[in-house]
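Chemist: One structure coming up, written as structure tokens, with questions to follow.
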């Protein structure tokens, strides 16, 4: 008996989708180009309901893709995530985008049907990814601090090490308690300062990416090829 050939999946990017791979990639391209479901339905012949559902799937995959490759989407994962989760810096960035006109305009234009808080978070993250894809930054832009900032960070690190080494010494807190409290406040302020420096670097050293939708499309397509819907 001859060995039967294994059939290739109908759609490598979404194995449970009824869309052919060709049409699926058309929808992915439309999503990357920020086209509304209505406009894309008219262009592709795919139903608006199917496009909205697929868009929701894309949004859910964006967070995974940014975790999987922190350099993808203009380095969004590098800036927003720590150990696979949104850190405080990432949360503040998302909050800033959620309160921006960019996000309001996006919601008004697409009128997405949100069914849960996760859907809203996915929508916010989508807009954040688009922000990162729209800037082209030189390597190291986000961590290229001024020399005085680097010096202050080193001094603060040395102070923290000294406190750690002497914390258990008898009478240390009675004598240096005010120093410890001051250190904690300065450390917190320094963290916010570094974030502001990074955001400033994004604004002053970045430039508009020439092909933002292509960056968005290719990075998400590559991820879906390995981790399909």
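The values are calculated or read from the model by the stated rules, or taken from the named source; none is laboratory data. Fair warning: this is a prediction, and the values are worked out from it, not measured in the lab. Backbone-built Cβ (ideal geometry, glycine too); neighbour counts: all protein chains shown.
Chemist: Could you tell me whether the stretch 113-130 includes any residue that is farther than 26 Å from residue 17 by Cα, buried (at least 17 other Cβ atoms within 10 Å of the Cβ) and in contact with a helix residue (DSSP H, G or I) (Cβ under 6 Å, 6 or more places away or on another chain)?
Modeler: So far as the stretch 113-130 goes, yes, one or more of its residues are farther than 26 Å from residue 17 by Cα, buried (at least 17 other Cβ atoms within 10 Å of the Cβ) and in contact with a helix residue (DSSP H, G or I) (Cβ under 6 Å, 6 or more places away or on another chain).
Chemist: Moving on. What residue, of 95, 89, is buried (at least 16 other Cβ atoms within 10 Å of the Cβ) and at pLDDT below 95?
Modeler: 89
Chemist: Taking residue 50, is it assigned to a loop (DSSP other than H, G, I, E, B) and either at pLDDT below 85 or farther than 20 Å from residue 213 by Cα (or both)?
Modeler: no
Chemist: Of the residues that sit in the stretch 93-119 and are free of Cβ contacts under 8 Å to residues at least 60 places away in the same chain and under 13 Å from residue 63 (Cβ atoms), which one is farthest from the chain's Cα centre (by Cα)?
Modeler: Of everything passing the filter in the stretch 93-119, 118 is farthest from the chain's Cα centre (by Cα).
Chemist: Quick one: residue 39 ticks every box in (1) closer than 20 Å to residue 132 by Cβ; (2) modelled with pLDDT of 95 or more bar one, so which box is it?
Modeler: Of (1) closer than 20 Å to residue 132 by Cβ; (2) modelled with pLDDT of 95 or more, only one is false for residue 39: (1).
Chemist: Restricted to the stretch 67-86, and to residues that are assigned to a loop (DSSP other than H, G, I, E, B) and at pLDDT below 90, which residue is surrounded by the fewest Cβ atoms within 10 Å (Cβ to Cβ)?
Modeler: Only one residue fits best here, namely 83.
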